[in-house]
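> Please see the structure below; I have some questions.
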Amino acid sequence: MATLIHTLADHSDDVNCCAFSSSCLATCSSDKTVRVYSLSPLAELPYSPLRGHAYAVHCCCFSPSGRVLASCSTDGTTALWDVRNGRRLAVLGQPRASPVRVCRFSPRDTCLLTGAADGSAALWDTRSWRLCRSGNVKDGSLVACAFSPSGNFFVTGSSSGDLTIWDDKMRCLYNEKAHDLGVTCCDISSHPVSDSENGSEYFQMASCGQDNQIKLWLILFADFLGVELKYKCTLNGHSAPVLACAFSYDGQLLVSGSVDKCVIIYETSTGNTLHTLSQHTRYVTTCAFAPHNHLLATGSMDKSVHIWQLDCKQPFVGHTVENESKVAVEDWSEDDVSAWLCAQDLADFVGLFKMNNIDGKELLNLTKETLANELKIESLGLRSKVLQKIEELRMTMISGSVPVPDEFLCPITRELMKDPVIAADGYSYEREAMEHWISNRRRSSPMTNLPLHSLMLTPNRTLKMAISRWLETQQK
């Protein structure tokens, strides 16, 4: 079941793109703005909307860590924004100042890819924000792109109908005429599939186009053997050009949006249509799944963004398996640990944890010594953050299925408070979260958005004692 749980109607013109991080949703529009929303609770952040582009904003995307948001525009630039406070970090001018149609971060967060109307593709270093390499597609505008899960390769789609595979040195490795009337979007699933013919491990890629079609491909990325692209099947259902497509985090679902005003959700293993959603009143221009859960956003030329909740399996604490039992943390796979890291805004550690084969049991046994000596995490602050999240996970295990009383959760972080304080608005917050809020020069209440007449924070000892007593009852 797909349930419409919220509609955002803040843009004053066509919505062109939407993108999720583990904690935020970003949308961009022809009204020249980017809007950013927290997911828990769903609310527009105080610094939103982001302004700075001179013309329509075509695409936006989060870095893997969720800390940086990129947006690109007809004005020929790509802007980088700090998600914590909305500050603009850099403005990247596309070679030859052509309108930028698409942008995407590499999975390892080492580079940003931008593609433009003149067919140019540019790779930017994410540490210096300097141009590393550039190239051009053979014909047409560059309108779509997607990275391989390793980040060593990427695919571009053009208005001439070509899919082109490149390596990270900007060398063109393969070209395929995929859609007669032009590619509009493409996406690569991060979950591998086995090809029964030769036992190789492939990744699924989806492409859609002006020919009303969605095509599924199997793509093999091999550092030494090159690449291989195999056509798998065509998914039907739309009666007009398909403008957007995206895989769910687990690769089991594919969503598409079309000029026919419909959103279709497919099961990738069978190609069957699971849901057809027709609540938008104009062309559906964008669709995106949230990382590590089945929250879906769809945007349209009707100026709205719909948020959907899909009734599907979840990958970490409390997710249900076929027998409806709970998967214990100690039984997590390495992929489950990776999903948990991303959900805790620790995506930077996914590669390190996988390299050290950290599964659920290993995760629970991590200490400050093992983080420093075995995993070689040098920063004391980062080690402390990881240990804090692991401790919170252990707390979740203790509390089991008993929900935490809402008054014990910080309104900013939505996490159990350890050091609650009362602010001038009368609400209680976790001290560290509220101090961070104020340090970013915010002088308004996180709850009411009204001005704070004082920045004094008073310890809420009564609430702290109540939380302690509740924790004790959960441990019995």
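> No solvent, one uniform scatterer per C-alpha: report log10 I(q)/I(0) for segment 406-475 via the Debye equation at q = 0.20, 0.24 1/Å, two decimals.
Log10 I(q)/I(0), no solvent term: -0.76, -1.03.
> What's the magnitude of the charge dipole for the chain around its Cα centre, counting Lys and Arg as +1 and Asp and Glu as -1 at the beta-carbon? Answer in Debye, nearest 20.
It works out to roughly 1480 debye.
> Another one. Can you pull the accessible area of Cys172 for me, 1.4 Å probe, Å² to the nearest 10?
Surface open to solvent at Cys172 totals about 80 Å².
> Also, I was wondering about something else. Pull up the cross-link candidates among the lysines for Lys389, meaning alpha carbon to alpha carbon under 26 Å and not fewer than 8 places away within one chain.
Lys389 reaches Lys313, Lys326, Lys354, Lys361, Lys368, Lys376, Lys418, Lys464, Lys476.
> Using only the alpha-carbon atoms, how far is helix 380-399 inclined from the longest principal axis of the chain? Give it as 0 to 90 degrees, nearest 10.
80
> Restricting to Cα pairs below 8 Å that are 6+ residues apart, what does the relative contact order work out to for segment 71-212? Please round to a whole percent.
14
> A follow-up question, please. Among 76-87, 266-277, 115-126, what's the highest-first ranking by average C-beta atoms within 10 angstrom per residue?
Ranked by mean Cβ neighbours within 10 Å, highest first: 115-126, 76-87, 266-277.
> Within the accessible area of the chain, what % is carbon and sulfur when the probe is 1.4 Å and the other protein chains stay in place?
The C+S portion of the solvent-accessible surface of the chain is 49 percent.
> Right, next: Is any residue of segment 414-447 close enough, with backbone N under 14 Å, to a label point placed 7 angstrom from the Cα of Ser454 along the Cα-Cβ axis, and if so, which?
The answer is 422-427.
> Once the principal axes of the Cα atoms of segment 10-58 are found, what is the range along each, listed largest first in whole angstroms?
Cα spread of segment 10-58 along its principal axes, largest to smallest: 30, 18, 15 Å.
> Let me ask another. Return one number: the angle in degrees, 0 to 90 and rounded to the nearest 10, between the long axis of the Cα atoms of helix 334-343 and the longest principal axis of the Cα atoms of the chain.
The helix 334-343 is inclined about 70 degrees to the chain.
> Given q = 0.14 Å⁻¹, what are the Debye log10 I(q)/I(0) values for segment 22-163, with equal point scatterers placed on the Cα positions and solvent ignored?
Here log10 of I(q) over I(0) equals -0.60.
> If one computes the Cα centroid of segment 271-315 and of segment 113-170, what distance in Å separates the two points?
Result: 26 Å between the Cα centres.
> Once you put a point 7 Å from the Cα of Leu364 and another 7 Å from the Cα of His6, both along the Cβ direction, what distance in nm separates them?
3.3
> Can you figure out the FRET efficiency of Glu44 with Leu89, using R₀ = 22 Å and their beta-carbon distance, to the nearest 0.05?
0.60
> Let me ask you something else. Can you give me the accessible area per residue for segment 126-206, using a 1.4 Å probe, in Å²?
Result: 45 Å² of accessible area for each residue.
> Straight distance only, please: which lysines reach the Cα of Lys138 with their own Cα at less than 22 Å, same-chain residues fewer than 8 apart left out?
In chain and number order, the partners are Lys169, Lys177, Lys215, Lys230.
> Expressed as an acute angle from 0 to 90° and rounded to the nearest 10, what is the orientation of the C-alpha long axis of helix 461-475 relative to the principal long axis of the chain?
Tilt of helix 461-475: around 70 degrees.
> Please give me, ordered by residue number, the trypsin sites (Lys or Arg not before Pro) of segment 119-183 that lie in loop per DSSP and have at most 11 other Cβ atoms within 10 Å. The partial results should precede the final answer.
Values: sites: Arg127, Arg130, Arg133, Lys138, Lys169, Arg171, Lys177; in loops: Arg127, Arg130, Lys138, Lys169, Arg171.
Passing both the DSSP loop test and the Cβ count: Arg127, Arg130, Lys138, Lys169, Arg171.
> Also: Pick out, from Met301, Ala56, Ala240, the residue whose Cα sits farthest towards the positive end of the charge dipole of the chain, with +1 on the Cβ of Lys and Arg and -1 on the Cβ of Asp and Glu.
Ala56
> Could I ask something else about it? Read through the labelled values (i) 22.8, 69; (ii) 22.8, 76; (iii) 29.5, 94 and report the label of the one computed as Rg and Dmax of the Cα atoms in Å from the structure.
Structure-derived value, by its label: (i).
> With both bridge residues required to lie in the chain, what share of the DSSP beta bridges run antiparallel, to the nearest 5%?
Bridges in the chain that DSSP calls antiparallel: roughly 100 percent.
> Could you work out the helix-only [θ] at 222 nm for the chain, with each DSSP H run of four or more residues adding -39,500 (n - 2.57) and the total divided by the number of residues, to the nearest 500 deg cm²/dmol?
For the chain, the value works out to -4500 deg cm²/dmol.
The values are calculated or read from the model by the stated rules, or taken from the named source; none is laboratory data. On a predicted model such as this, the values are computed, not experimentally measured, just so you know. As a convention, Cβ positions derive from the backbone with ideal geometry for all residues, glycine included, and neighbour counts pool all protein chains shown. Note: accessible area is taken over every heavy atom of the protein model, side chains too, but ligands, DNA and RNA are not part of it. Shrake-Rupley method; radii C 1.70, N 1.55, O 1.52, S 1.80 Å.
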